[in-house]
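Colleague: First the structure, which I've put down as structure tokens, then a few questions once you've had a look.
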Amino acid sequence: MSGPPVLYHCPCSSLHAPPPLLPSAAYQAHPLDTLYFCPECDAVRCARCVSVEVSTYYCPNCLFEVPSASVRAEKNRCARNCFVCPCCENTLQTVPMDPSSSSLAEEENKERYILYCTYCRWDSTAVGMVFDKPQGLASQLQRIEDDSPSTRELERLRDHFEPLLRPRTSLHPYQSGANAAALAALRRERDTHGHGLRSSRLGRSAAGRDGRDGQMREKERFEDDLPLFRSLEGEGEEREDIGWLRGLTEVEDVASLRQRGAETWDGSIRASDLRPLRLPLQSKKSKRCPACRHILIRPEQKAQSTKFKVKIVASNYLPALEVSRPEDTAFSAHARRRTSVALPGALGGAEDLQPGRTYHFLLALTNPLYDPINLRLALQPAAPGETGKRPPFSVSLPTNTVSVAAFTDAWDYDEDEGAEDELSGRPGGRDADARGRWKLGVVERKANTTKVGGELVLARDAQGDVKFNLLVTYTYKSEDPQAQPADGKEGRTEPELKTFAFWTVVHLGTVPPRQPESAVPPPV
Amino acid sequence: MSFHPVVTYPKASFIETDTGNKVSRRATISGPQNIVLGGKSIISPGAILRGDLRKAGNAPTVVITLGRYCLVGEGVVVRPPYKTYKGAFNFYPMKIGDGVHIGDGSIVEAAQIGNYVEIGRNCIIGKFTIIKDCARIADNTVLPPNTVVPALSLFAGSPGRFIEDLPETTQEVVEARTKAHYNRFQPVEQ
């Protein structure tokens, strides 16, 4: 990445960008590449606010596209030969049980197969799983899963609640109130027997908690309440576990929370009992504007295609901002030359800022539109609450309008000149003519990029990240075809000028924490 | 990308081919007749490309195929995968697409790497791994053999696991970055 990043504010959480140093502000600013743009609402949308729909399911290992009809039957997991290692979450391989006799046994059709982890060397003989043929393992495993106590418990729960939900929804299929009524009844059920449900999951009987009398009274009050749910499980297993835990010598023998969370519902707490799981499916998602439901992203059906039928992203609409401190890049280029490492690589971490100094920085504004734009930068005034104290740094930027040339495909081809007039490309001569040559305003225009210079003055007590909010306003010619007919039959009218504004957060660097001897309490 | 400085190298330290590939003289290229470079790719000093590890037999084969605008970082080892199948030990060819950057110090034994894939530094990409288009492997990731990395996903950790989906713009971003990277890599006479 080039220098410190510039993040873009999405208006989904608040219309104006919050002060950038608030911890909550970090969640509202996004890199430009991750943002979408709704052309109907004329607004930026982020991954957090778009509404997401699944368009295709696929298995991330065998890359098989699973039709959505079978996704439910297969419980969102791969129904072919993909399994997750219970120890390290790697995908397992199906291997012949005895690799040395591979060719011979294969012919005789006597070969048996196991699942094997190429990372941690776990294999399925540890849980007594050996297969006669290397295909269709998932169906065998799913049978075991379907047979597990927790699955049966879930089925029972579903059978228990279905009589309540079904008749109501079928009686009033078009009334939204029907569901609400059913839910209300369910809520009552949950309130009265909530304990029961939860403790039955733990293998205890509900009756002991609620008491018979209370139950009877509830029954009289709500006639359509369900009968009390009774769990299948007993409590013997838990006793056994406690006994086992007492005799424990190695903590690794207990399955980690992560492993148990991934297991089907009531996993054993013993690491040695963990079974391989079928690999969870992944999905390709289409995304819509949350306000007007305009489609923003629609992927191609094919699971591994990186093309999109619809892709409306902010980087095609908003000018791209990049920021750099030229002294810094000159410094790192210089350092690179000295160590004679003529190799590319990320610019080293931005040099720390020193309090009390003045720095210059450059903002590169790149226009993605096919028309030139006029752009204006504005700093956010200090929040009213903070006016009492002096801000730890001040930023000056040119406030006049900056024009940025249109993007044309031709810019892609004249790359040669880039070497010559790259400002930061000449580390040697920089220091000599640096004095007085720094200026605010347009420093360089090249292709569809304009660079403007700014100045940063740090106070003596400045500390921490130097970030500021920047409002970018730009005007462009509207190409909206719908706008034309509205003017009647006057033919081509003057293209309408449209204005769009968005907030960005510019991060200029970090002032390192003060040495302990001169430490003062940090400004709150 | 407008602020990245030009990176220069002494002209004599790299060999530039007709198609614009830049191969360091300090890189080890074994079996060059079995290696195909797509053009405008950079092979850094200390990189090792094992084109000599080929399928048994005398017929000419291509062992390593590298696309356009690729970067093989410093000290990277690119070694075709091998296995014993039906009693016969064999090497299998490796295909790498366009715009693939492999970070310094990584070891790659993948069977297939798609287009615009970024592999970080010090990664180990196990045998017969398949990495689909626009995927990204974070620094210091270990992908065990036979891993499959779906398109547009980020993998990290040891063993490498799926972390998140990458943004839909990844292809354009990586394409622009790899092209700019090649164009900034300029020779100087010394």
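Colleague: Is at least one residue of the range A:76-98 over 28 Å from residue B:128 (Cα atoms), among the charged types (D, E, K, R) and surrounded by 17 or more Cβ atoms within 10 Å (Cβ to Cβ)?
Modeller: Taking every residue of the range A:76-98 in turn, none turns out to be over 28 Å from residue B:128 (Cα atoms), among the charged types (D, E, K, R) and surrounded by 17 or more Cβ atoms within 10 Å (Cβ to Cβ).
Colleague: Also, quick follow-up: Can you find a residue in the range B:61-75 that is of a type in the set (S, T, N, Q), more than 12 Å from chain A (Cβ to nearest Cβ) and open to solvent by 70 Å² or more (accessible area, probe 1.4 Å)?
Modeller: Scanning the range B:61-75, I find no residue that is of a type in the set (S, T, N, Q), more than 12 Å from chain A (Cβ to nearest Cβ) and open to solvent by 70 Å² or more (accessible area, probe 1.4 Å), so the answer is no.
Colleague: Follow-up. Could you please find all residues in the range A:499-515 being part of a strand (DSSP E or B) and open to solvent by less than 60 Å² (accessible area, probe 1.4 Å)?
Modeller: Passing the criteria: A:500, A:501, A:502, A:503, A:504, A:505, A:506, A:507, A:508, A:509, A:510, A:511.
Colleague: Let me ask something additional. Please give the number of the condition residue A:56 fails out of (1) more than 22 Å from residue B:150 (Cα to Cα); (2) within 14 Å of chain B (Cβ to nearest Cβ); (3) over 16 Å from the mean Cα position of the chain (by Cα).
Modeller: (1)
Colleague: If you don't mind, there's one more thing I want to ask. Can you tell me which residue is farthest from residue A:54 (Cα to Cα) among those in the range A:246-305 that are within 14 Å of chain B (Cβ to nearest Cβ) and in a loop (DSSP other than H, G, I, E, B)?
Modeller: A:279
Colleague: For the range B:14-37, check the following and say yes or no: at least one residue is more than 25 Å from residue B:137 (Cα to Cα), out of contact with any Phe, Trp or Tyr (no Cβ under 6 Å at 6 or more places or on another chain), open to solvent by less than 50 Å² (accessible area, probe 1.4 Å) and facing chain A (nearest Cβ under 10 Å).
Modeller: Among the residues of the range B:14-37, at least one is more than 25 Å from residue B:137 (Cα to Cα), out of contact with any Phe, Trp or Tyr (no Cβ under 6 Å at 6 or more places or on another chain), open to solvent by less than 50 Å² (accessible area, probe 1.4 Å) and facing chain A (nearest Cβ under 10 Å), which makes the answer yes.
Colleague: Filter the strands (runs of 3 or more DSSP E) completely within the range B:109-190 down to those with at least 3 residues that are more than 9 Å from chain A (Cβ to nearest Cβ) and at pLDDT below 95.
Modeller: In the range B:109-190, no matching strands (runs of 3 or more DSSP E) lie anywhere.
Colleague: If you don't mind, another one. Got a sec? Which of A:33, A:42 is at pLDDT 85 or above and closer than 30 Å to residue A:393 by Cα?
Modeller: None of the others qualify; the one that does is A:33.
Colleague: Residue by residue through the range B:21-77, note down the ones that are in a loop (DSSP other than H, G, I, E, B) and of a type in the set (Lys, Arg).
Modeller: B:25, B:26, B:40, B:54, B:55
Colleague: Going by what's in this entry, would residue A:376 be described as modelled with pLDDT under 70, basic (Lys, Arg), open to solvent by 30 Å² or more (accessible area, probe 1.4 Å) and outside any loop (DSSP other than H, G, I, E, B)?
Modeller: No; evaluated as a whole, the condition is false for this residue.
Colleague: Still on this structure: For the range A:379-472, which strands (runs of 3 or more DSSP E) that fit wholly inside it have 2 or more residues that are modelled with pLDDT of 50 or more and within 14 Å of chain B (Cβ to nearest Cβ)?
Modeller: In the range A:379-472, A:441-446, A:449-458 are the strands (runs of 3 or more DSSP E) which contain 2 or more residues that are modelled with pLDDT of 50 or more and within 14 Å of chain B (Cβ to nearest Cβ).
The values are calculated or read from the model by the stated rules, or taken from the named source; none is laboratory data. From a predicted model like this one, the values you see are computed outputs, not experimental measurements. Virtual Cβ from ideal backbone geometry, glycine too; neighbours counted across all protein chains shown. When the accessible area is computed, the model is the full protein with side chains, heavy atoms only, and any ligands, DNA or RNA have been set aside. Shrake-Rupley method; radii C 1.70, N 1.55, O 1.52, S 1.80 Å.
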